[in-house]
Amino acid sequence: MSGATCAFLSQSTVQEEPVKLTVRALSKTLSRALPTKALGLFREDLVTAQRRDPAATSALEIALTYPGVHALWTHRVSHALWTHGAHTPARALSSMARAVTGVDIHPEATIGRRVFIDHATGVVIGQTAEVGNDVVIFHGVTLGGVAMTPGKRHPTVGDHVMIGAGAKVLGPITVGTGVKIGANAVVVKDVPCGNVAIGVPARLLPKPEKDTRDRDLIVDPNYFFEEPALYI
């Protein structure tokens, strides 16, 4: 073996070692970061999608073909990495998820349980956004900021909230429990619990006197005839 070949192999070994160390460190971080209940959360995401989407035929179909579920699963991993200090791998993972699913979720964003991202394409959830439990998000939704300064600058969304297609919820505002946001609405102010927000800029409709549907599901049918924009 020539001296040049020996030198090349020696150099290659030296270059590969940091890669091995990085992969090993990342594996350890991931094993610490993911809670033991992670698989339970993934199953819960499947069940949620199957319950909320009448077009779903099986858990297997959802696991293979639903980009919203794929985006959630990937975010749960990237968020765990982020909270344990592995920021670059977390960002890389979320970037890959965006390319595959069309959903852009910053790994620092907090997302609760039983969240369903329907259709998924074009959803953006910013760095300091907080999303509660049992939330439905349709395609084209943005939970964005209105300032370039560090700190809290994205919305906090409560439990049992529905956000219609194309809606923009902007700034460090609070969307209360049970709120319904209509399609293409632009929300820049707090929305009290139980209200319905529609329009540009969003205006509030009073709480429905009688809710004829499970509060987790879309919106009271009474509003369908008055405000068709809630559905899309």
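No lab work stands behind these numbers, since they all come straight from the coordinates. What you see is a predicted model, and the numbers here were worked out from it, not measured in a lab. Positions of Cβ are generated from backbone atoms using ideal geometry, with glycine treated the same way; all protein chains shown enter the neighbour counts.
Based on the alpha-carbon gyration tensor of the stretch 34-230 and its eigenvalue square roots a ≥ b ≥ c, which shape applies: rounded if a/c is under 1.5, prolate if not and a/b is larger than b/c, or oblate? Since a/c reaches 1.5 but b/c is at least a/b, the shape of the stretch 34-230 is classed as oblate.
When DSSP beta bridges are restricted to pairs lying wholly in the stretch 34-230, around 10% turn out antiparallel. Sequence-distant contacts, meaning Cα pairs under 8 Å at least 6 residues apart, place the relative contact order of the stretch 34-230 at 11 percent. Its Cα centre serving as origin, the stretch 34-230 has a Cβ charge dipole (Lys and Arg +1, Asp and Glu -1) of approximately 400 debye. Contact order, relative form, for the stretch 36-87: 25 percent (alpha carbon pairs under 8 Å, 6 or more residues apart, mean separation divided by residue count). Taken one residue at a time, the phi angles of the stretch 199-204 give Karplus couplings (6.51, -1.76, 1.60, θ = phi - 60°) of x, 10, x, 5, 10, 9 Hz. Gly and Pro are set to x. Annotated for the stretch 34-230: lysine pairs at least 8 residues apart or interchain, Cα distance under 16 Å, count 6. What does the C-alpha gyration tensor say about the overall shape of the stretch 100-165? Classify as rounded when a/c is under 1.5, otherwise prolate if a/b is larger than b/c, or oblate. Here the stretch 100-165 falls in the oblate category.
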